[in-house]
Amino acid sequence: MQFIDLKTQYLRLKDEIDAGIRDVLDHTAFIMGDKVAALEERLGAFCGAKHAISCSSGTDALLMPLMAWGIGPGDAVFVPTFSFFATAEVVGLVGATPIFVDISPDTYNMDPEALRAAIQRVRAQGVLKLRAVIPVDLFGHSADYDALTPLAREHGLLLLEDAAQAFGATYHGKRVGSFGDAAATSFFPAKPLGCYGDGGAVFTDDDQTAALLRSIRVHGQGTDKYDNERLGINGRLDAMQAVVLLAKLGVFEEEIARRNEVAQAYDQQLSGAVVTPTVREGCMSTWAQYSVLCRDSAHRERVRAALQSKGIPSMVYYAIPLHMQKAFAALGGRRGQCPVAEDASDRILSLPMHAYLRDNEIQQIADAVLSAG
Ligand SMILES: *Cc1c(COP(=O)(O)O)cnc(C)c1O
């Protein structure tokens, strides 16, 4: 069994993807070009953002807005401590300081009250300039923007939405990617909307930010890439990835619906035995991960072993909260600083999740989880 089945999906879309890739080979326009422009148009319309700027990865999609906003040394950027490393890595890459914020126990997303406390703490210390916050839509479930956005506004923080795991999800009727001053997503193959390599996109309604992002994406270009107005990166998307993403967008909503069916089937089988994921009122998840909480780390080990004995893969996202990662050791993070995230790290477990999971496979997985006692 696969944790994420990319092969079945490819076979379904094979004719369209193969023909599109052949077309790219025939025309030898490998980077950017018409197909990337068509993709950007589709992505922006899909999530309701004025500008969609494709790029080379989700990490670059987070990095480029920080560069566009001139965030750097002496600046504080608030991030949830329970996320993929890239969310905080980009803050360090521009020379700014990540401030790690604890999460809400039900959605694993940034806790607005913990953000408020962190803002007050940094403000009271008076060393760093408060510049931005990067809420993450973890596991496909959007962060709580009704609480986070006013808090960001009140303290003059730019809000960068990390929607790398949640493209397609909705929050109170709006698609993720449309929150904040800019939003970033990833098309890494394992994400809900993935390509066949690395890729990402930034979304914004702000014309000035969009113009800066387009420049930064190509080495800070001015009139062309040999006229360099600022430092940028090589952040472009290639045409073959656009072909793959355009084909997948055709079945994306149907896949999201099936992922939600899979999640409901898991919920029914597993509630009581483990803590099943919460979907908040007015939210629709894309289920990048279906993550349950075991009773403790020993129970998690038994569940993993039971799954493994049946050939079923499982993953731990995330075993080490960001404030305890070695790369950030100089910031003095310690156990006890973000207790909700630390507790989740000890007992969380993600089960296979994709749109092509069959009912009998869900049953086998659930039976194995339940057999661990
Ligand atoms: C995957 C991911 C990223 C980085 O995306 P890449 O395309 O792998 O660079 C950033 N943030 C989160 C929350 C992610 O899950």
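The values are calculated or read from the model by the stated rules, or taken from the named source; none is laboratory data. Everything numeric here is computed off the predicted structure, so don't read it as measured data. Cβ: placed from backbone, ideal geometry, glycine included. Neighbour counts: every protein chain shown. To get the accessible areas, we keep the full protein, side chains included, count just its heavy atoms, and leave off ligands, DNA and RNA. Shrake-Rupley method; radii C 1.70, N 1.55, O 1.52, S 1.80 Å.
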* Please enumerate the residues belonging to the stretch 334-349 that are out of contact with any Pro (no Cβ under 7 Å at 6 or more places or on another chain) and surrounded by fewer than 19 Cβ atoms within 10 Å (Cβ to Cβ). => ARG334, ARG335, GLY336, GLN337, PRO339, ASP343, ASP346
* Structure fact -> Flagged pairs (Cβ under 9 angstrom, 6 or more apart or on separate chains; first in the stretch 124-139, farther than 18 Å from GLU113 by Cα; second outside any helix (DSSP H, G or I) and within 10 Å of the ligand (Cβ to nearest atom)) are PHE139/GLN165; PHE139/ALA166; PHE139/ALA288; PHE139/GLN289; PHE139/TYR317
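Assess whether GLU254 counts as being within 15 Å of HIS354 (Cβ to Cβ), loosely packed, with under 15 Cβ neighbours inside 10 Å, of a type outside the set (A, V, I, L, M, F, W, C) and more than 18 Å from the chain's Cα centre (by Cα).
Working: within 15 Å of HIS354 (Cβ to Cβ): yes; loosely packed, with under 15 Cβ neighbours inside 10 Å: yes; of a type outside the set (A, V, I, L, M, F, W, C): yes; more than 18 Å from the chain's Cα centre (by Cα): yes.
Taking the combined requirement at face value, the residue satisfies it.
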* Asked: Restricting attention to the stretch 1-15, does a residue exist that is hydroxyl-bearing (Ser, Thr, Tyr) and either within 16 Å of the ligand (Cβ to nearest atom) or closer than 30 Å to ILE365 by Cα (or both)?
  -> yes
* Asked: Among the residues of the stretch 278-290, is any in contact with a strand residue (DSSP E or B) (Cβ under 6 Å, 6 or more places away or on another chain), within 16 Å of the ligand (Cβ to nearest atom) and not β-branched (Val, Ile, Thr)?
  -> yes
* **Within the stretch 137-146, considering residues that are over 14 Å from ASP181 (Cα atoms) and buried (at least 17 other Cβ atoms within 10 Å of the Cβ), the one farthest from the ligand (Cβ to nearest atom)** => ASP144
* GLY156 being more than 16 Å from the ligand (Cβ to nearest atom), closer than 25 Å to VAL101 by Cα and surrounded by fewer than 19 Cβ atoms within 10 Å (Cβ to Cβ) -> yes
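Just the residues that are β-branched (Val, Ile, Thr) and surrounded by 21 or more Cβ atoms within 10 Å (Cβ to Cβ), please, taken from the stretch 210-241.
ILE216
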* To do: Output the number of residues of the stretch 350-371 satisfying the condition of being in a loop (DSSP other than H, G, I, E, B) and surrounded by fewer than 19 Cβ atoms within 10 Å (Cβ to Cβ).
  => 2
* LEU93 vs. criteria open to solvent by 20 Å² or more (accessible area, probe 1.4 Å) and within 16 Å of the ligand (Cβ to nearest atom) -> yes
* Residue list for the stretch 1-45, restricted to those being touching a Phe, Trp or Tyr at 6+ places or on another chain (Cβ under 8 Å) and among the hydrophobic types (A, V, I, L, M, F, W, C) -> ILE17, VAL24, LEU43
* Kindly list, by first and then second residue, each pair from a residue in the stretch 188-200 that is more than 16 Å from ARG236 (Cβ to Cβ) and of a type in the set (A, V, I, L, M) to a residue that is part of a loop (DSSP other than H, G, I, E, B) and within 10 Å of the ligand (Cβ to nearest atom), limited to pairs with Cβ atoms under 8 Å and residues at least 6 apart or on different chains. => LEU193/PHE187
* To do: Give ALA164, ALA183, ALA201, ALA190 a once-over and let me know the one that is within 14 Å of the ligand (Cβ to nearest atom), touching a strand residue (DSSP E or B) at 6+ places or on another chain (Cβ under 6 Å) and open to solvent by 10 Å² or more (accessible area, probe 1.4 Å).
  => ALA164
* Asked: Of all the residues that make up the stretch 69-84, how many are small (Gly, Ala, Ser), in contact with a strand residue (DSSP E or B) (Cβ under 8 Å, 6 or more places away or on another chain) and away from the ligand (no atom under 15 Å from the Cβ)?
  -> 2
* Give me the pairs, please: first residue somewhere in the stretch 9-33 and under 9 Å from ALA247 (Cβ atoms), second residue anywhere and part of a helix (DSSP H, G or I), beta-carbon distance under 6 Å, and either six or more positions apart or on two chains. => LEU13/ALA247; GLU16/ALA247; ILE17/VAL244; ILE17/ALA247; GLY20/VAL243
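Mind listing just one residue for me: the one in the stretch 260-275 that is open to solvent by 20 Å² or more (accessible area, probe 1.4 Å) and touching a residue at least 24 places away in the same chain (Cβ under 8 Å) and, of those, nearest to GLY168 (Cα to Cα)?
Residue satisfying both the conditions and the ranking: ASN260.
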* Number of the exception - GLY311 against (1) open to solvent by less than 50 Å² (accessible area, probe 1.4 Å); (2) on the phi < 0 side of the Ramachandran plot; (3) out of contact with any strand residue (DSSP E or B) (no Cβ under 8 Å at 6 or more places or on another chain) -> (2)
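So that you can scan it fast, the table gives a plain yes or no per residue for (1) open to solvent by 60 Å² or more (accessible area, probe 1.4 Å); (2) touching a helix residue (DSSP H, G or I) at 6+ places or on another chain (Cβ under 8 Å); (3) modelled with pLDDT of 95 or more:
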residue	(1), (2), (3)
LEU11	yes, no, yes
GLY20	no, yes, yes
ASP23	no, yes, yes
ASP26	yes, no, yes
GLY48	no, no, yes
ILE53	no, yes, yes
SER57	no, no, yes
PRO80	no, yes, yes
